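Contents: one structure, followed by commentary.
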Amino acid sequence: MQPLSTAAPDFALTDVLSHSTITRDGVRGHGGLLVMFLCVHCPFVKHLEQAVAHFASDYAGKGLGIVAISSNDVASHPQDGPDGMRAQARKLGFVFPYLYDESQEIARAYQAACTPDFFLYDRELRLVYRGQFDASRPSLSVPVTGTDLRRAVDTLLAGKPPLPEQVPSLGCNIKWKAA
């Protein structure tokens, strides 16, 4: 995991819904930035994607910029390409840009390991949280609540120091292109 206070890497990627180029500085909010690595096919993402959509709606207008990025290799997982992403975003009513990282350079810059993976940055774009959405998993009967990420965001927006305990995200490995 990246150490806390690591600067958010810059990006300029295309939003699959608006076809606009979205940048890190253009999407950040006055209170911070949440960068989520998601995809279409992963059972871990499917398990919480509806809760992620609700989470984003709950925090809309509260000063937090939110963006999702899909970086999987579409040669091995074609459903994770822009068409599949667009269908997923429309079905779930995503209120945040959903960006396609075809080169996988942004996933590498963020050291994203899996889908889902969550990176929360403060107003100076310094990492304050990298961890799980919550303790729910597709194979567990634990409800999806977003407790861990909500606690981290609420702490950030309240101007408090980062949470000392952070549990890494768990999911499907990012599908890297063959070398």
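Within the range 113-132, is there a residue that is more than 25 Å from Thr14 (Cβ to Cβ) and small (Gly, Ala, Ser)? Even if it seems obvious, please write down each step before you answer.
So the first thing to find is which residues in the range 113-132 are more than 25 Å from Thr14 (Cβ to Cβ), and the list is 122-124, 126, 128-129, 131-132.
Adding the requirement that they be small (Gly, Ala, Ser) leaves 131.
There is at least one residue in the range 113-132 that is more than 25 Å from Thr14 (Cβ to Cβ) and small (Gly, Ala, Ser).
Any idea which of Cys172, Cys114 is in contact with a His (Cβ under 9 Å, 6 or more places away or on another chain) and not charged (D, E, K, R)?
Details: Cys114 fails: in contact with a His (Cβ under 9 Å, 6 or more places away or on another chain).
That would be Cys172, the only listed residue that is in contact with a His (Cβ under 9 Å, 6 or more places away or on another chain) and not charged (D, E, K, R).
For the range 132-168, which positions are of a type in the set (Gly, Ala, Ser), at pLDDT 95 or above and on the phi < 0 side of the Ramachandran plot?
Looking only at the range 132-168, we keep the residues that are of a type in the set (Gly, Ala, Ser), and these are 135-136, 139, 141, 146, 152, 158-159.
Retained after the next criterion (residues that are at pLDDT 95 or above): 135-136, 146, 152, 158-159.
Matches in the range 132-168: Ala135, Ser136, Ala152, Ala158.
Return yes or no: is Val128 part of a loop (DSSP other than H, G, I, E, B) and either modelled with pLDDT under 95 or at negative phi (or both)? Before you say what the answer is, go through the steps one by one.
On the way: part of a loop (DSSP other than H, G, I, E, B): no; either modelled with pLDDT under 95 or at negative phi (or both): yes.
No, not satisfied.
Which is buried (at least 22 other Cβ atoms within 10 Å of the Cβ), in contact (Cβ under 8 Å) with a residue 40 or more places away in the chain, out of contact with any Pro (no Cβ under 7 Å at 6 or more places or on another chain) and over 24 Å from Thr155 (Cα atoms), of Leu34, Leu13, Leu17? Break it down into steps so the answer makes sense when it comes.
Working: Leu34 fails: over 24 Å from Thr155 (Cα atoms); Leu17 fails: buried (at least 22 other Cβ atoms within 10 Å of the Cβ).
Being buried (at least 22 other Cβ atoms within 10 Å of the Cβ), in contact (Cβ under 8 Å) with a residue 40 or more places away in the chain, out of contact with any Pro (no Cβ under 7 Å at 6 or more places or on another chain) and over 24 Å from Thr155 (Cα atoms) holds for just one of Leu34, Leu13, Leu17, which is Leu13.
Determine whether the range 89-112 contains at least one residue that is touching a Gly at 6+ places or on another chain (Cβ under 6 Å) and either modelled with pLDDT under 95 or in a loop (DSSP other than H, G, I, E, B) (or both). Don't jump to the end; show me each part of the working.
The initial filter retains those residues of the range 89-112 that are touching a Gly at 6+ places or on another chain (Cβ under 6 Å), namely none.
For the range 89-112, residues touching a Gly at 6+ places or on another chain (Cβ under 6 Å) and either modelled with pLDDT under 95 or in a loop (DSSP other than H, G, I, E, B) (or both): absent.
So which residues in the range 96-122 are exposed (fewer than 15 other Cβ atoms within 10 Å of the Cβ) and either touching a residue at least 24 places away in the same chain (Cβ under 8 Å) or more than 18 Å from Ser169 (Cα to Cα) (or both)?
Within the range 96-122, the subset exposed (fewer than 15 other Cβ atoms within 10 Å of the Cβ) is 103, 105, 108-109, 111.
The answer is Ser103, Glu105, Ala109, Gln111.
Mind listing just one residue for me: the one in the range 63-94 that is under 14 Å from the mean Cα position of the chain (by Cα) and either surrounded by fewer than 14 Cβ atoms within 10 Å (Cβ to Cβ) or touching a residue at least 60 places away in the same chain (Cβ under 8 Å) (or both) and, of those, nearest to Phe11 (Cα to Cα)?
Of the range 63-94, the ones under 14 Å from the mean Cα position of the chain (by Cα) are 64-72, 85, 89, 94.
With either surrounded by fewer than 14 Cβ atoms within 10 Å (Cβ to Cβ) or touching a residue at least 60 places away in the same chain (Cβ under 8 Å) (or both) added as a condition, the list becomes 64, 71-72, 85, 89, 94.
Values: Leu64: 17, Ser71: 13, Asn72: 16, Met85: 19, Ala89: 20, Phe94: 20 Å.
Filtering first and then ranking leaves Ser71.
The values are calculated or read from the model by the stated rules, or taken from the named source; none is laboratory data. Please read these numbers as outputs of a predicted model, since none were measured by experiment. Here Cβ is always computed from backbone atoms with ideal geometry, including for glycine, and neighbour counts include all displayed protein chains.
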